[in-house]
Amino acid sequence: MKLSDRKFKVVVIGGSAGSFSVVSKILSQLDPGFPLPLVLCLHRLKHVRSGLVEGLNMKSKIPVVEPYDKEKLRAGVAMLAPSNYHLFVEFDSTISLSTEDVHNHSRPSIDYAYSSAAYSFRDKTLGIILTGANKDGARGMKSICDKKGYTIVQEPASCDVDAMPQAALRLFEPDQILNPDEIVKALNSLVV
Amino acid sequence: MGVTLGINDIKAVTSEMARYKNMDYTGLSFSFLKRRLAYVFEKLKIRKLAGFFERLKEEEFRDEVKYHMAVKVTEMFRDPGFWRYVRQHLLTELEPKFKVWFPDTPSGEELYSFLILLEENNMIDCVEIVCQHSSEKLCEEIAQGVLEAKNTELNYSNYKRLEESDCYDNYFVEKNGQMRFDKRLLRNCIFRVAEPGINKHEDEIFDFIIFRNSGINYSYSKHEALHSTILNHLRPGGFYAIGVKEAVPDNLKKALVVVDQKESIYRKPGVKSERLHETI
């Protein structure tokens, strides 16, 4: 089934080293009428709480916010995982945050964000893994794949650091392997 | 391979635990319980629910469970901006004598951070601090100054971000090859074994309550109820600090005034004077 024929409840994008520019590019070219909640889980410095969301908002075609705990997912709004908190997607379409221990040396952990979305929304989850320097996110993407969600891996050749996409590709076969321009097109194909 | 818990398993586990004193975890959110119970079962090498229920009859085992259910704060001076605000703005509002409550103390990091600020402002004997947790072992560890050694570098770098003193090493002593927080700074702290937020001293009132990042583990309704209960113990004009990404429940928004939105510091209205101690 084509991506545009699928029905999703959430899109989760994860990335680490080099992902800021890719996410910024995606957000700047996204259709302003993008119809789904978008969750961004990016590795970031734990003691720098401001700057990233403002930077992304400068070019983004949809609002980017850092959610508070128990905040509702909203269609057409990108929610960026706050620094030093894990982010989980819940059954009731809310976000929950946690200060539990780091996972893969990371908080927020991309694995946790993907896995929680897969657990809550199963095949209605679209996961996209971008450039990054460690394996965090690979297992979470596999969870989305296992629940029959849709998975897109950034083409390793287009990555600043390809360790994260490569780790994902070792674990499962994604629905698509795309460069950043193609990822934008894929997301915009979801706009009716 | 650990135990995988479904919804019914989690309900069975929490209702069984709730039969015992200080073990009511039924208000925690389902997703948190799923993760945390999996963690606890792995730590305690639990393979079957029946075995877990049987072992709950042992008091020592129950304390171990409570000990591992706690989400420890992994660094001192987490959110340096919060601590900087406390030092620069709140301490002067609180002197000369004040009482502080940590309604949930899952580890020593927040308490020790606060004590260092007090010490550096010559206020350590101005305060009485009540800390509590449901695990006796955990309370004992904190009272003994136990800290995670692996976080020393991070603790120090956060402390340095406060941009004032540089005498971090003065607050620690070595005991049996391990660094411990200097117990002399804990001289005005009281430790109680109790569930988070529950204060059996009904009339006890505090000037400052620090309850950061514990409420996020609860379901929405319990979260509201917990904050409401805790706020009953806050003096009018007193300060309330929660996690920087934790929102005040809707039903309490009118009961609090924002002091600093970014650091999630609030104040209970009801005092005409700006200086709290003038009304005491």
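What to note about this one:
- Any hit, region B:64-85, residues being part of a helix (DSSP H, G or I), among the β-branched types (Val, Ile, Thr) and within 14 Å of chain A (Cβ to nearest Cβ): no
- Of all residues in region B:152-163 being part of a helix (DSSP H, G or I) and surrounded by fewer than 17 Cβ atoms within 10 Å (Cβ to Cβ), the one that is nearest to the other protein chains (Cβ to nearest Cβ): B:SER157
- Failed item, numbered, when A:ILE95 is tested on (1) assigned to a loop (DSSP other than H, G, I, E, B); (2) within 13 Å of chain B (Cβ to nearest Cβ); (3) buried (at least 18 other Cβ atoms within 10 Å of the Cβ): (1)
- Pairs are defined by a Cβ separation below 6 Å, a sequence spacing of at least 6 or placement on different chains, a first member in region B:179-196 that is among the charged types (D, E, K, R), and a second member that is surrounded by 20 or more Cβ atoms within 10 Å (Cβ to Cβ) and assigned to a strand (DSSP E or B); the pairs so defined are B:ARG192/B:GLN132.
- When residues of region A:18-64 are limited to those that are of a type in the set (Ser, Thr, Tyr) and in contact with a Ser or Thr (Cβ under 7 Å, 6 or more places away or on another chain), the one surrounded by the fewest Cβ atoms within 10 Å (Cβ to Cβ): A:SER28
- Meets criteria (within 14 Å of chain A (Cβ to nearest Cβ), touching a residue at least 40 places away in the same chain (Cβ under 8 Å) and closer than 21 Å to B:ILE209 by Cβ) for B:PRO96: no
- Residue list for region A:102-120, filter: within 9 Å of chain B (Cβ to nearest Cβ) and touching a helix residue (DSSP H, G or I) at 6+ places or on another chain (Cβ under 9 Å): A:TYR112, A:SER116, A:TYR119, A:SER120
- The residue of region B:4-50 that is surrounded by the most Cβ atoms within 10 Å (Cβ to Cβ), among those that are small (Gly, Ala, Ser) and assigned to a helix (DSSP H, G or I), is B:SER31.
- In region A:31-80, the residues that are among the polar types (S, T, N, Q) and within 14 Å of chain B (Cβ to nearest Cβ): A:SER50
- Among residues of region A:111-151, those that are surrounded by fewer than 20 Cβ atoms within 10 Å (Cβ to Cβ) and either outside any helix (DSSP H, G or I) or of a type in the set (Phe, Trp, Tyr) (or both), counted: 6
- Flag if B:SER219 is modelled with pLDDT under 95 and in contact with a helix residue (DSSP H, G or I) (Cβ under 6 Å, 6 or more places away or on another chain): no
The values are calculated or read from the model by the stated rules, or taken from the named source; none is laboratory data. Because the structure is a prediction, the values reported are computed rather than measured. Because the Cβ atoms are built from the backbone with ideal geometry, glycine has one as well, and the counts that use them run over all protein chains shown.
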